[in-house]
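Data first, discussion second: the structure below is written as structure tokens.
Read the figures in this text as sums done on the coordinates, not as results from a lab. None of the values given here were measured: they were computed from a predicted structure. Backbone-built Cβ (ideal geometry, glycine too); neighbour counts: all protein chains shown.
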Amino acid sequence: MDYHKTLTTERLTLRPPRPGDEADLQAIHGDPEVMRYFSEPAWTDPERPARQIAADAADFAAREQFRFAIVLNDTGRQIGNCGLCRLHWPNRRGEVGYALNRAYWGKGYMNEALHALLRFAFVDLDMHRLEADIDPRNTASTGALERLGFQREGLLRERWIVGGEICDSVLYGLLRREWAAHPGENR
């Protein structure tokens with residue numbers, strides 16, 4: 001199997017990150033509004049994007065995680081990323097994570113990208129279960145996960161401390177059989 005594969009949707013291409021993505025990646029993760037509910041603050045180190053791209057490429061090749069650059073087909077620019085991390089191959093389980101440039105919020109891009117990512121996880125990688133760990137105040141993210149069929153499974157109180165702020169975490173899960181039965185595109 002080619003683990004450097006590219007995923008395509010009507011408006012997007014999901015591909016492994018590569019050199020040249022630094023400015024777009026910084027625009028995403030350097031924005032405090034985008035990073036508001038992340039487990040780390042907005043990036044301020046100008047070398048961070050290059051380090052992240054190198055780490056992501058190595059992880060992709062080693063099958064340790066798969067973080068895809070979300071590229072807008074019309075412009076060729078990276079507008080976000082989504083991926084699978086914390087993979088546990090013996091149990092065919094992984095965690096979903098994602099971020100989108102604020103200029104592209106509310107246009108359905110992340111939903112479109114996540115449909116492709118879930119198909120990759122459940123069909124290409126034969127995953128059994130996917131999880132997501134999000135801040136419960138992030139209603140856009142909870143809505144996105146629930147539209148995809150994820151079920152809220154629990155609350156972890158005061159799990160993260162980001163920028164001095166203590167935050168809860170909500171866990172969501174999606175089983176392969178639920179995904180297969182859930183109405184939606186890209187099946």
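Say the dipole of the chain comes from +1 at the beta carbon of Lys and Arg and -1 at that of Asp and Glu; which of 50, 70, 122 then lies farthest toward its positive end?
Looking along the dipole axis, the top candidate is 122.
With every atom except the alpha carbons ignored, what do you get for Rg and Dmax of the chain, in angstroms?
15.7, 44
Scan the chain and note any complete DSSP helix (H) whose C-alpha atoms cover at least 18 Å along its axis and whose Kyte-Doolittle average is -1.0 or more.
48-62
Determine the dipole magnitude for the range 1-46: charges of +1 sit on the beta-carbon of Lys and Arg, -1 on that of Asp and Glu, nothing else is charged, the reference point is the Cα centre, and the result goes in debye to the nearest 20.
The calculation lands at about 220 debye.
Once you list every other residue whose beta carbon is under 9 Å from the beta carbon of residue 42, what net charge do they have if Lys and Arg are +1 and Asp and Glu are -1?
Net of charged neighbours comes to -2.
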